[in-house]
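One structure coming up, written as structure tokens, with questions to follow.
Here, each number is a calculation from the coordinates, and none is a lab measurement. Given the structure is predicted, the values throughout are model-derived calculations rather than measurements. Here the Cβ positions follow ideal geometry from the backbone for every residue, glycine too, while neighbour counts run over all protein chains shown.
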Amino acid sequence: MERLGRVAVCVFAAIAALLAPPARALDGTQLAIVVNTLDPLSVRIADYYAARRRILFQNMIRVEIPPGKSMLTHDEFNALKASVDEQTLPRVQAYALTWAAPYRVECMSITAAFAFGFDLSLCADGCKPTRVSRYFDSRAGRPFSQLGMRPAMAIAAETFEQAQALIDRGVAADGSIPEGTAYLLSTSDTTRNVRSAEYPETERILLRRLRVRSLRQDALTGARDVFFYFTGRAQVDGLATLGFLPGAVADHLTSTGGMLTDSSQMSALRWLEAGATGSYGTVVEPCNLTQKFPHPAVLARHYLRGDTLIEAYWKSVQMPGQGIFIGEPLAAPFRRAARPQ
């Protein structure tokens, strides 16, 4: 009888797990804004974002970083992080940073450093893999509570007008259930075209909800319905001719797209300026290991399930230590129950 009772409990637990609703996407009560009070642009972005997303003043974290720095040392960052940790409420699951620079902490991106703390195992000396993220392709709905890390995304812009437009696109995306097109480009740049091997899986996932065009060409021009755009080039032409839908994600696999303000290659900021709502780039040489860049299929799967941009993007990178995530963190175009703004 006791054994039957244990079996019944196990069966009930299994059924309950199957019937349990999916984890809710993050919302404004779980996101903290980190603002650099020494940077007037950061302050304006933070204030506007808090107003648009109705983020409470308790979730506003103030720090002081001398302007003009693209990189922090690990000692500088550790002092900064200690201040942020002291101001962070337990309910906070993720961070929104309101600046384009600094974008790097020595060998790490600033978003990875905020998520994990400065950790050399997330860097690499040469063309080597790094420690993987437990958040990769995870169903975790509360990353800090469940995994002990807080993903971060930079609302990065070089002018307030650019930041304002980005934030407005993110808010407009919520619950929009877009009917755009995903453009998957296989380019002639063989070194940077390595993600094209992931396109067939991506196409299978996206075809359920969006139009998909897999193209063998170096640039996309004239398209006005762009929702996803993945490519591999050091410089991407034709961005000014494109139209991106609210919530759109676009990035290019190259070495230093995450050097937002001083890269010799195309900065990931160019995607946001062209109308995308999220992008990604690496801040130091990652080599062309695909695990250090977003996996389009994984990103698409989580975004289509209703995850916010910060969740879906972070879950798509297996080794995120050297890459910076930029955009409007709470954009959730496929979350039907999105809170109206």
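Could the peptides 44-53, 205-214 be put in order, highest first, of the mean number of other beta-carbon atoms found within 10 Å of their residues?
Those peptides, ordered most packed to least, come out 44-53, 205-214.
If I take R0 = 56 Å and measure r between the Cβ atoms of R91 and A197 in this structure, what FRET efficiency does the formula 1/(1 + (r/R0)^6) give, to the nearest 0.05?
Once the sixth-power term is evaluated, E becomes 0.90.
As a test, work out the antiparallel percent of DSSP beta bridges whose residues both lie in the chain, rounded to the nearest 5.
Antiparallel bridges make up about 20 percent of those DSSP assigns within the chain.
Could you work out the relative contact order of segment 178-308, using alpha carbon pairs under 8 angstrom and six or more residues apart, expressed as a whole percent?
In percent, rounded to a whole number, it is 25.
Further question on the same structure: Per residue, what volume in Å³ does the Cα convex hull of segment 178-308 take up?
Residue-normalised Cα hull volume stands at 96 Å³.
Another question, if that's okay. Can you figure out the FRET efficiency of Q235 with Q58, using R₀ = 56 Å and their beta-carbon distance, to the nearest 0.05?
That pair, Q235 with Q58, gives E of 0.85.
Roughly how many Å is it from the Cα centre of segment 91-114 to that of segment 152-216, as a whole number?
Value for the Cα centre distance between the two parts: 21 Å.
For a paramagnetic label modelled at 7 Å from the Cα of S188 toward its Cβ, which residues of segment 214-234 fall within the zone defined by backbone nitrogen distances under 19 Å?
215-222, 231-234
Moving on. Taking the Cα centre of the chain as origin, sum charge times position over the Cβ atoms of Lys and Arg (+1) and Asp and Glu (-1), and report the length of that vector in debye to the nearest 20.
With only Lys, Arg, Asp and Glu charged at Cβ, the dipole is about 1320 debye.
So the label point goes 7 Å from the Cα of D168 along Cα→C-beta, right? Which residues of segment 45-84 then have their backbone N under 17 Å from it?
45-54
Once every DSSP H run of n ≥ 4 in the chain is given -39500 (n - 2.57) and the sum is divided by its residues, what mean residue ellipticity at 222 nm do you get, rounded to the nearest 500 deg cm²/dmol?
-9000 deg cm²/dmol
Just add up the charged neighbours of D218: K/R +1, D/E -1, any other residue whose Cβ is under 14 Å from the Cβ of D218.
+1
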